[in-house]
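Novice: Pasting in a structure now, in structure tokens, and then I'll have a few things to ask.
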Amino acid sequence: MLKWIRLNRKYIGLETEMKQPRILKLTKSQEDQLPRYADKWVNIGLSTDRVSDEERRSIIQNFLLGVLQTPNKSILLLESPISCHYALNLFGAGLNLDQVRNQVENQVRNQVRNQVRNQVWNQVWNQVWNQVWNQVENQVRDQVKNQVKNQVRDFIWPYLEGQWDVFYFSFYDYCEKVLGLDYQIKETFNLYKETVKLGLIYPLEDICIVGNRPTELYLNENRNLHKNGDMAIKWADGWGFWALNGVLVPKWLAETPSEQIDCLKFAEIQNVEIRREFIRKVGIERLIKHLDTHLLDKQSNYELLEIDLKGETGKWPYLKMLNPSIGVWHLECVDKACKTVREAINFRASRLINFESDWNPEALT
């Protein structure tokens, strides 16, 4: 069985010799640079700029020699996360990544965090680390993980994530460049930091599997994965997936022009977020117009509609409401016994909390 190479924190080079007293408060100049560093690393984490195979090989060879201090016998350069997954199963089936990941967290990242935590952690955490983490992980990294899991079983996520390790490097880059914290073995840390130019990295004992950045990545104005008419993220080997406003959607919903979408397909969608994007793309008025609907009750911006979805589903009450936070209309299925907006709202709220009186629509929304 192939073995994982264990990272040792002394090789990472982040044993930090603090040469200055504890930082209790950032200066105005240091605070002003927080957004710049967050933007810098978010852009790196979402970048589709790709390096040549020669440079990819050089980066990983330097990392293996300078950081892990163990040259792998061979390096396999691939493209997408799913290609890396297939190769991992071919060369390293049966590996327990959870155990290895815990070892790495305990020996490397947690050690480094503990060393810096008392120095600057609370000052920089929310404004650099969390900003980069939220924008890169939530919008891209987690979407990739979920999409791969939907297509294969037991997907193994590596503990070296290439460009999606940016949240880690963003924090320490700011601490080094702006706050002047001195990492004793800076060259080793820089070798580690160079891996942000790569995709997923699986350093096995006899072979190192190295992925690549995507070739295309599209975001909406809120930096959510979004592309109407094509894949929202795509790799050179053709793998990728579709997303609308940060929600993973089927190919037909993303690529079919809105005017060509059959409104009756609304009844086939079980996922609430996908259903919301269906309505957002098709339009609430067109959807209601093309479905056989009957208004049962109305209260402010809320309407209870009886919609005939044909077939075995037949007629069913739906609550039409506007989500004020994102300005998107929803159609939520409610119990067939509901005849008023109030009954529909209380039915939906009953699945969330126990209540003794009528539920407030604003609170529900």
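Novice: Kindly indicate which of 205, 221, 176, 187 is among the acidic types (Asp, Glu) and within 22 Å of the chain's Cα centre (by Cα).
Specialist: After ruling out the rest, the residue left standing is 221.
Novice: Based on what the data block shows, is residue 178 over 25 Å from residue 53 (Cβ atoms), outside the structural domain of residue 82 (by TED's automatic domain parsing), in contact with a helix residue (DSSP H, G or I) (Cβ under 6 Å, 6 or more places away or on another chain) and buried (at least 21 other Cβ atoms within 10 Å of the Cβ)?
Specialist: So residue 178 fails the test.
Novice: Could you say which residue among 352, 319, 264 is out of contact with any Gly (no Cβ under 7 Å at 6 or more places or on another chain), at pLDDT below 85 and surrounded by 12 or more Cβ atoms within 10 Å (Cβ to Cβ)?
Specialist: The conditions single out 264.
Novice: Given the residues 275, 286, which is the only one that is farther than 13 Å from residue 140 by Cβ and touching a Phe, Trp or Tyr at 6+ places or on another chain (Cβ under 8 Å)? I'd like the intermediate steps shown before the answer.
Specialist: Details: 286 fails: touching a Phe, Trp or Tyr at 6+ places or on another chain (Cβ under 8 Å).
Unique residue meeting the criteria: 275.
Novice: How do the helices (runs of 4 or more DSSP H) wholly within the range 14-110 filter down when requiring 2 or more residues that are modelled with pLDDT of 85 or more, of a type in the set (D, E, K, R) and over 23 Å from the mean Cα position of the chain (by Cα): which remain?
Specialist: Details: elements: 28-32, 34-45, 53-66, 81-92, 97-104.
In the range 14-110, 28-32, 53-66 are the helices (runs of 4 or more DSSP H) which contain 2 or more residues that are modelled with pLDDT of 85 or more, of a type in the set (D, E, K, R) and over 23 Å from the mean Cα position of the chain (by Cα).
Novice: Another question, then. Quick one: count up the residues across the range 266-320 that are out of contact with any strand residue (DSSP E or B) (no Cβ under 9 Å at 6 or more places or on another chain) and under 19 Å from residue 345 (Cα atoms).
Specialist: Within the range 266-320, residues that are out of contact with any strand residue (DSSP E or B) (no Cβ under 9 Å at 6 or more places or on another chain) and under 19 Å from residue 345 (Cα atoms) number 2.
Novice: Can you spot a residue in the range 149-157 that is assigned by TED's automatic domain parsing to the domain that holds residue 63, at pLDDT below 85, in contact with a Lys or Arg (Cβ under 8 Å, 6 or more places away or on another chain) and within 30 Å of residue 65 (Cβ to Cβ)?
Specialist: In the first step, residues of the range 149-157 are kept if they are assigned by TED's automatic domain parsing to the domain that holds residue 63; the result is 149-157.
Imposing the further condition that a residue be at pLDDT below 85 reduces the set to 149-157.
Okay, now just the ones that are also in contact with a Lys or Arg (Cβ under 8 Å, 6 or more places away or on another chain), so 155, 157.
From what is left, the residues that are within 30 Å of residue 65 (Cβ to Cβ) are 155, 157.
For the range 149-157, residues assigned by TED's automatic domain parsing to the domain that holds residue 63, at pLDDT below 85, in contact with a Lys or Arg (Cβ under 8 Å, 6 or more places away or on another chain) and within 30 Å of residue 65 (Cβ to Cβ): present.
Novice: How many of the residues in the range 145-155 are surrounded by fewer than 19 Cβ atoms within 10 Å (Cβ to Cβ) and either under 16 Å from the mean Cα position of the chain (by Cα) or within 18 Å of residue 33 (Cβ to Cβ) (or both)?
Specialist: Of the residues in that region, 4 qualify.
Novice: Which of the residues spanning the range 284-304 are buried (at least 16 other Cβ atoms within 10 Å of the Cβ) and of a type outside the set (Val, Ile, Thr)?
Specialist: Step one: of the range 284-304, the residues buried (at least 16 other Cβ atoms within 10 Å of the Cβ) are 287-288, 291, 293, 296-297, 302-304.
Within the range 284-304, 287, 291, 296, 297, 302, 303, 304 qualify.
Novice: Scan the range 219-245 for residues that are in contact (Cβ under 8 Å) with a residue 60 or more places away in the chain, buried (at least 20 other Cβ atoms within 10 Å of the Cβ) and not hydrophobic (A, V, I, L, M, F, W, C) and report the count.
Specialist: Number of matching residues: 1.
Novice: Before we move on, is residue 201 surrounded by 17 or more Cβ atoms within 10 Å (Cβ to Cβ), β-branched (Val, Ile, Thr) and not assigned by TED's automatic domain parsing to the domain that holds residue 26? Full working, then the answer.
Specialist: Numbers: surrounded by 17 or more Cβ atoms within 10 Å (Cβ to Cβ): yes; β-branched (Val, Ile, Thr): yes; not assigned by TED's automatic domain parsing to the domain that holds residue 26: no.
It is false that residue 201 is surrounded by 17 or more Cβ atoms within 10 Å (Cβ to Cβ), β-branched (Val, Ile, Thr) and not assigned by TED's automatic domain parsing to the domain that holds residue 26.
Novice: For the range 251-261, check the following and say yes or no: at least one residue is surrounded by 13 or more Cβ atoms within 10 Å (Cβ to Cβ), under 23 Å from residue 219 (Cβ atoms) and among the aromatic types (Phe, Trp, Tyr).
Specialist: No, the range 251-261 contains no residue that is surrounded by 13 or more Cβ atoms within 10 Å (Cβ to Cβ), under 23 Å from residue 219 (Cβ atoms) and among the aromatic types (Phe, Trp, Tyr).
Novice: So residue 191 clears everything in (1) in contact (Cβ under 8 Å) with a residue 60 or more places away in the chain; (2) outside the structural domain of residue 338 (by TED's automatic domain parsing); (3) within 29 Å of residue 152 (Cβ to Cβ) except one condition, right? Which one?
Specialist: (3)
The values are calculated or read from the model by the stated rules, or taken from the named source; none is laboratory data. Only a predicted model underlies this, so the values are computations on that prediction, with no experimental measurement involved. No Cβ is skipped: glycine too gets one built from the backbone with ideal geometry, and neighbour counts run over all protein chains shown.
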